1. Largest first, how would 155, 45, 133 line up by accessible area (1.4 Å probe)?
2. Take 175, 163 and sort them by solvent-accessible surface of the protein heavy atoms, 1.4 Å probe, largest at the top.
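The values are calculated or read from the model by the stated rules, or taken from the named source; none is laboratory data. Here the structure is a predicted model, which means the values were calculated and not measured. Surface areas here come from the heavy atoms of the whole protein model, side chains and all, with no ligands, DNA or RNA. Shrake-Rupley method; radii C 1.70, N 1.55, O 1.52, S 1.80 Å.
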Amino acid sequence: MMPTVSGTRTYTRGRSDASAPATNQKNPVDSAVAYSNPQTPAFCDRPLSDTLRSSIELADYTHLLDSTGLFATLQQAGPFTVFALPNNALETYNAQNNDRLLNPANTSSVRTMLGYTIVTGKWPHKALRAAMDAAPGHSLSLPTLSGRNLTIWLDPQTDQIMVGTPHGSSSQLWVMGIPQSNGVLYFTRSLLLPPTAQAAPLSPAP
């Protein structure tokens, strides 16, 4: 099952009652309860492309994969291991950078950024953990579609799996490896940026 954090909403209904308290007139809420969308199922016999399409929490990531041409790659046999970026991480980055992710002038840079989240090969959680336990420094360097290697290591303080750049943009994992017919899907907790993207800013929005 996949989380749908971005699906959380507070349902409200306006009041026409003039006698209602001023606070309610300003922000009319019949209930302070927030109703969350149920978790979304992910089917292990389906390809990564199907699961990405069905995930509410990966809607922005999937849209950017589409706009950069990478989505079609994840419809192929692979296998691929995807470290998908959640909506909040992408939306925060985009807001802080003047909608640069949506600027067509940045398609190549965004493709490189997203390619850095896609590893060639199949790395389920148990295999990933076993390889790190056996590796010097408990660290792996895996090839990605961006042409840059993605480093995966164990945080010695928390024993959590970390992905990204040890001295740059990195993230803990959130969803620990959903098996797919053409690979494995992880969710990260925050943004991942390849070293080149950290050094070279994207073009400003027009």
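1. 45, 133, 155
2. Greatest to least solvent exposure: 175, 163.
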